[in-house]
Amino acid sequence: MYDSIIMKLEPLEQDFYYHIYNRGINGCEIFKNNGNYSYFIKLLSKYLTSYVTVYAYCLLSNHFHLVVRINVDQKIASQKFSNFFNAYAKAFNNANNRTGGLFEKPFKRIILKSENYLKNLIVYVNTNPIKHKVSLNFENYLYSSYSDCSDKKSQIVDVNEVLDLFDDIENFKFVHRYKKVILSQKYSFELF
């Protein structure tokens, strides 16, 4: 009856919070080395931080997560994300002698409807290296926002807003440590 199903995506509406995520086309790597990760973060700062507030991020070899609030109208936000992803894909393709799409299209987004969901998502994103068995020591994982917040230094994350959501830095760290214990049991990591 239908040749294809068209999925309608949430528009990126101003003053709303979103979980933005995507992966490499067919699950391919989108980060092959430290330079790739660093360049993605550099482009995130260049293309997005004037238009969105970043609350969390995590970059893993074949996918990424961002938690953001959109600060501009829908058309501008969509264009800025497109520019960001296209700039990274072009640079990655040039560096790796490849052509074609790098990311699955369109990028995924979920609107966050409560502060509780926002807080849980921040913890989920920061502890994502455990879920994917990249590192149990997510606190020192170089390509997530946890250390940005715990060190109270970041070029891209609004650290003050994040810590305010958790009341203070001690509670921020406590909630993340608690999640670490749960995930380490679920994914059969040894803590000691």
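Quick rundown of the values:
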item: Where only C-alpha atoms are counted, convex hull volume of the stretch 29-138 per residue in Å³; result: 109 Å³
item: Reciprocal mean inverse distance between Cα atoms of the chain - Kirkwood radius, Å; result: 17.4 Å
item: Length added when fully stretched, Phe174-Lys131, from 0.36 nm per residue minus Cα-Cα; result: 13.6 nm
item: Backbone HN-Hα couplings from phi across the stretch 76-84 [Karplus 6.51/-1.76/1.60, Hz, Gly and Pro as x]; result: 5, 4, 4, 5, 5, 5, 4, 4, 4
item: Computed [θ] at 222 nm, deg cm²/dmol, the chain (DSSP H ≥ 4; -39,500 (n - 2.57); rounded to nearest 500); result: -13000 deg cm²/dmol
item: Residues with amide H under 5 Å from that of Val157, placed H, sequence gap 5 or more; result: none
item: Karplus 3J(HN,Hα) series, Hz, for the stretch 27-37 with 6.51 cos²θ - 1.76 cosθ + 1.60 (x for Gly, Pro); result: x, 5, 5, 10, 10, 9, 7, 4, x, 4, 4
item: Per-residue Cβ neighbour rank within 10 angstrom, fewest leading, Tyr37, Tyr55; result: Tyr37, Tyr55
item: Quotient of C-alpha Rg and 2.2 N^0.38 Å, computed over the stretch 18-57; result: 1.29
item: Cα shape, the stretch 113-162, gyration tensor, a/c 1.5 rule; result: oblate
item: Fluctuation leader among Val67, Val175, Val54 - the chain, Gaussian network, Cα springs under 10 angstrom; result: Val175
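Readers should treat all values here as calculations from the given coordinates under stated rules, not as data from a laboratory. Being a predicted model, the structure only gives us computed values, none of them experimental. A quick note on method: Cβ atoms are made from the backbone with ideal geometry, for glycine too, and the neighbour counts reach across all protein chains shown.
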